[in-house]
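The values are calculated or read from the model by the stated rules, or taken from the named source; none is laboratory data. Note that the structure is a prediction, hence the values are computed from the model and not measured. Using ideal geometry, Cβ is built from the backbone for each residue, glycine included, and neighbour counts are taken over all protein chains shown. Just so you know, the surface numbers come from the protein's heavy atoms only, side chains and all, with ligands and any DNA or RNA stripped out. Shrake-Rupley method; radii C 1.70, N 1.55, O 1.52, S 1.80 Å.
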Amino acid sequence: MTVDTATAFWTLAPGHGELREETLPALGEGEVRVRALYGTVSRGTEALVFQGRVPESEWQRMRAPFQVGDFPWPVKYGYVSVGVVEAGPESLLGREVFCLHPHQDRYLVPAAAVTPLPAGVPAARAVLAANLETAINGCWDAAPRVGDRIVVIGAGVVGALVAWLCAAIPGTRVRLVDVSPARAELARALGIDFCLADRAPADNDLVIHASGNPEGLRQALALAGDEARVVEMSWYGDREASLPLGEAFHSRRLRLISSQVGRLPAERMPRWDYRRRLSLALELLRDPCLDALISGESDFRELPALMPRLAAGAGEVLCHRLRYSTPD
C-alpha cells in the first residue's frame with residue numbers, strides 16, 4: 001500500500017462490517033498525515049452503533065469526529081486512534097499522537113486534531129485515553145469528597161477507571177462491584193477493593209453505575225444512603241430502563257445524576273475545554289498499573305470478524321486493542 005491510500009472499517013448493516021480501501025487526498029495547509037499504530041473498540045457506544053441501536057433522535061448528537069456516512073449505516077465510526085505523524089508541520093513530524101478518529105490505518109486531519117503523547121506514555125497504553133476522559137468527566141459529575149464511602153457498579157474499563165480515580169482521594173473507601181468474580185484480579189491490579197454484586201455494602205455517600213445493565217442501576221439506588229448521589233454513566237441506546245422511583249426514593253431524597261462525556265460539566269466550562277481534559281487523561285496514563293485494562297490484542301485486518309464478538313460482550317473482554325503497525 002502506498003501512502004496515498006488507506007484501509008478503513010465500515011459498518012454496513014446491523015452486526016456486519018467490512019474493510020474498504022480509499023484514496024487519501026493531498027496533504028493540505030495545516031494538516032497532518034497519521035499512520036495508525038493502535039486503536040481500540042468501545043464496547044459501549046460503538047457496540048450500539050455496530051448493532052444499529054442508536055435511536056434516530058440521537059443520530060446527530062452521537063456523530064463522532066471525522067465520522068463518514070450517516071446513521072444508521074453505512075458509516076465509518078470510531079474514536080480511538082494512536083499513531084505517528086508521517087507528514088505535516090515540522091514540530092509534529094515523527095511524534096506519536098492521539099486522535100479521535102474512526103478505525104483507519106492512515107488518515108489526514110487538521111494538526112489541531114492530534115495531541116502528542118506525553119513522555120512516559122507508551123502508544124500501546126494511550127488507547128485508554130478516551131475511556132479515561134469518560135471516567136474523568138464522570139468523577140467531575142459525581143463530585144466525590146474526602147472520606148466518602150463510594151461504590152462503583154460495573155468493573156468494565158470505565159467503571160474500573162472511575163473507581164481508580166476515586167480511590168486516589170484521601171480517606172475515601174471505594175468498592176468496585178461486579179457480577180463476575182474474574183474482575184477481582186483487575187481490582188487488585190489497580191489497588192481497589194472488590195466485591196460481588198450480592199455482597200455490596202449499603203448506605204454509601206456516592207454510588208456510580210457503569211455496568212450497562214439497568215439492573216445495576218436499580219441496585220445503585222438500593223445501595224445509596226439517605227441524601228446520597230447516584231451517578232448513571234451507562235448509555236442504553238434504544239433500550240429502556242425501569243427504575244423503582246416509588247417506594248422510598250423520594251423520602252430518602254436520593255439524587256440521580258446523568259453523566260456523558262460529550263459535554264463538560266457547567267462549572268468546568270469557564271476554565272476547561274476538551275483539549276485540556278484529554279491532556280489530563282494522557283498525563284494520568286503514565287501509571288503502568290493501567291495496562292491491566294488491556295485484555296487482548298488483534299490485528300486491525302481481523303476487525304470484520306472480531307467486531308461481532310466484541311459488540312456481543314462475550315467473555316471477560318475489557319479493552320481489546322487493535323494493532324495496525326509497529327513504531328519505526
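What share of all Cα pairs of the chain, in percent, falls into each consecutive 20 Å distance bin?
P(r) for the chain, in whole percents per bin: 31, 57, 11, 0.
Using Cα pairs closer than 8 Å and at least 6 residues apart in sequence, work out the relative contact order for the range 90-163, in percent.
It rounds to 25 percent for the range 90-163.
Of the peptides 93-104, 168-179, how do they stack up when ordered by the mean number of other Cβ atoms within 10 Å, highest first?
93-104, 168-179
Calculate what fraction, in whole %, of the accessible area of the chain sits on carbon and sulfur atoms when a 1.4 Å probe is rolled over the protein chains.
Result for the chain: 51 percent of the exposed heavy-atom area is carbon or sulfur.
With charges set only on the Cβ (+1 for Lys and Arg, -1 for Asp and Glu), what does the dipole of the chain come to about its Cα centre, in debye to the nearest 20?
580
For helix 303-312, report the angle its Cα long axis makes with the longest principal axis of the Cα atoms of the chain; keep it between 0 and 90° and round to the nearest 10°.
With rounding to tens, the tilt is 10 degrees.
Ignoring everything but the protein chains, give the 1.4 Å probe accessible area of M269 in square angstrom, nearest 10.
For M269, solvent-accessible area is about 100 Å².
Express as a percent, rounded to the nearest 5, the fraction of DSSP beta bridges in the chain (both residues included) that run antiparallel.
55
What percent does the relative contact order of the chain come to when contacts are Cα pairs within less than 8 Å and at least six residues apart?
RCO, the chain: 19 percent.
Hey, rough spin-label estimate for L19 and A248, points 7 angstrom out along Cα→Cβ, what's it come to in nanometres?
5.6
Using the crude model of +1 on Lys and Arg Cβ and -1 on Asp and Glu Cβ, and no other charge, please compute the dipole size for the range 199-296 relative to its Cα centre, in debye to 20.
360
State the dimensionless ratio Rg/Rh of the range 274-328 (Rg: radius of gyration of Cα atoms; Rh: Kirkwood radius).
My calculation of the ratio gives 1.05.
Counting each DSSP H run of 4 or more residues in the chain as -39500 (n - 2.57), what helix-only mean residue ellipticity at 222 nm follows after dividing by all residues, to the nearest 500 deg cm²/dmol?
Helix-only estimate at 222 nm: -6500 deg cm²/dmol.
For V3, what is the net charge nearby, where nearby means another residue's Cβ is under 9 Å from its Cβ and Lys, Arg count +1, Asp, Glu -1?
+1
Per residue, what accessible area does the chain have, given a 1.4 Å probe and all protein chains present, in Å²?
Normalised by residue count, the accessible surface of the chain is 45 Å².
Can you tell which of V162, V68, N131 lies farthest toward the positive end of the dipole of the range 67-184, using +1 and -1 charges on the Cβ of basic and acidic side chains (Lys, Arg; Asp, Glu)?
V162
How high is the FRET efficiency from R218 to D287, r the C-beta distance, R0 35 Å, rounded to 0.05?
0.60
Set Lys and Arg Cβ to +1 and Asp and Glu Cβ to -1, take the dipole of the range 95-214 about its Cα centre, and tell me which of V177, A143, A119 lies farthest positive.
The listed residue farthest towards the positive side: A119.
Given the whole protein assembly as supplied and a 1.4 Å probe, what does the accessible area of W73 come to in Å², nearest 10?
Estimated to the nearest 10 Å², W73 gives 90 Å².
Rolling a 1.4 angstrom probe over the protein chains, ignoring ligands and nucleic acids, what is the accessible area of Y274 in square angstrom, nearest 10?
110
Please give the Cα centre distance for the range 1-31 versus the range 145-199, rounded to the nearest Å.
39
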